[in-house]
Amino acid sequence: MTDNPTYNPDEFLICAVARLLADSRHVAIGMASPVAGSAALMLREEAKGSPDALRVSMIGGDANNPFTDGGRELFDCAGQGRIDTFFLGGVQIDGQANINLVGTGDYPNMDRRFPGTFGAAYMYFVIPRVILFRPEHSKRVFVPKVDFISAPGTSEEGVYRPGGPYALVTELCVMMFDKEKKRFRLASVNPGHTIEEVQDNTGFDFDIPEAIKTTPEPEPEPERLELLRTNISLEIAKTYPDFAKRVFGVEQAA
Amino acid sequence: MSPLISLDNLAEQVPDGALVVLPPDYSYVPMAAVRALVRRGVKDLHLLFAPLGGMSADILIGAGCVKTIEAAAVTLGEVGIAPRFTEAVQTGSIIIKDSTCPAIHTALQAAEKGVPFMPLRGLIGSDVMNNRADWKVADDPFDASGGPIALLPAIQPDVAIFHAPLADQFGNVWLGKRRELITMAHASKQTFVTIEKVQKKNLLDDEVMAAGTLTSMYVGGIAEVEHGCWPLGLAGHYEPDIKSVIDYARQAKTKEGFAAWLQNNVITEQKRAAQ
């Protein structure tokens, strides 16, 4: 990130994620995903009233959570194809887009245990556009091969697999996943960073286009930043009060 | 016969070695009942979380009540990792059956229907599936191309325990849209519920309330416990006491710290109650 004082790193990432949602109709937001949630709520606000109105379903709390049939409804909804976009992260992510949410070392008594797979072993298979969001861009995260496959990036022929990885957003760059080649392709490098920096901090090979683009700053979209800091910061505070306070200075509503 | 029982009586009715299903931290977590179970000294529990474990899992593990745990993840959420769970899994002092959210929902739905298994999309090729000898892959008999699909055995817990904002004197329990709790109860052999408030009027007489009500057929007993979710929250009634959860997470980082927390927050609760 540059030292540009007009936006902070989270605002940058929210805008970077938002550009990937341009064709989405129903975005679901899982647990602990405030950046993704902010991006989706921002696009929903922009598309308000238009026939392309975006549906956003958040399960991190009661706000913007439409589900009334218990914890299973999100997954049933996804299984039917009613959700087109979702977000996942990973303790480790490899070049085939396999993700690991369980830990590092040998399973089960791992060196470092993390919470677990959550819904990933299912959602990654059934939701067409899964955006991998992992700000920390390091060789610790982006490894040649994950220690535990919480969910595979691709499946063998014959396995029902309408869903899978679409893009990867980090503090250094945006990559797109090529399903045919089963590899990531660099899409853009974030302002203030270089292709060498991306390569030095990635433990797997990926395709590099001839002309390397820079991820746009939020500046070309000043009204977007304004919207983010007003309506959206208040809306996301309902689910993620700590995040809204830290990023936008919003005090928790009573 | 009144369904009303005491909290201690509820804890006594959960046998050592039972398969107990508990709700995730976003639902109605029976924290007071969890502390009562620790005080009663319950042992060798097989815990199932529907589908995520949180503070309740960490306390039961730290107190030595748990033999195995099945969950899609265990975490204190925004507060951070679940320290007693993490150490227990890293050292192998408990057995973890890693799952994924919809797999647990599906296995409970199978038990709810009384069928031996149910299919689920996804899973194939994951190490979650590869480490579950109890899950199978079969060719879909209805698909002409016979693509593979995962089959999950039904899980029928011995006991479901959760909290609820409201019940009536007949043992009907209002859960509103927390329908994962209704599924848990339908699937389990026995269900015990701690209740914020017990009313005289029959919930089933009110069409609006009846839609969100678990009927007494499934309920083995209810115990009136105000603030039964504390320090977690009860939506519409009280917010989570984040300060207490953070305090727990800090103390539970070490075995000794956890023991001190247990003494001050669980064992002495009994003394207070006895006074």
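FYI, it's all coordinate maths here, none of it is from the lab. A quick note: this is a predicted structure, and the numbers were derived from the prediction, not measured. Counting neighbours? That spans all protein chains shown, and the Cβs are built from the backbone with ideal geometry, glycine included.
Summary table below
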| item | result |
| --- | --- |
| Helices (runs of 4 or more DSSP H) within segment B:143-252 that include 3 or more residues touching a residue at least 12 places away in the same chain (Cβ under 8 Å) | B:179-187, B:242-251 |
| Condition broken by A:Gly192, with the remaining ones in (1) over 21 Å from A:Ala28 (Cα atoms); (2) facing chain B (nearest Cβ under 9 Å); (3) touching a residue at least 12 places away in the same chain (Cβ under 8 Å) satisfied | (2) |
| Count of segment B:101-127 residues which are aliphatic (A, V, I, L, M) and in a helix (DSSP H, G or I) | 6 |
| Of all residues making up segment A:1-60, the number that are within 14 Å of chain B (Cβ to nearest Cβ) and in contact with a Phe, Trp or Tyr (Cβ under 6 Å, 6 or more places away or on another chain) | 3 |
| Hits in segment A:93-132 - residues which are part of a strand (DSSP E or B) and in contact with a helix residue (DSSP H, G or I) (Cβ under 6 Å, 6 or more places away or on another chain) | A:Arg113, A:Val130 |
| Test: A:Gly153 is more than 7 Å from every other protein chain (Cβ to nearest Cβ), touching an Asp or Glu at 6+ places or on another chain (Cβ under 9 Å) and part of a loop (DSSP other than H, G, I, E, B) | yes |
| Criterion violated by B:Ile96 - all others in (1) in a loop (DSSP other than H, G, I, E, B); (2) more than 13 Å from the chain's Cα centre (by Cα) satisfied | (1) |
| Residue ID - nearest to A:Thr239 (Cα to Cα), chosen from residues in segment A:56-82 that are surrounded by fewer than 17 Cβ atoms within 10 Å (Cβ to Cβ) and of a type in the set (D, E, K, R) | A:Asp62 |
| Some residue of segment A:228-244 being over 18 Å from the mean Cα position of the chain (by Cα), basic (Lys, Arg) and in a loop (DSSP other than H, G, I, E, B) | yes |
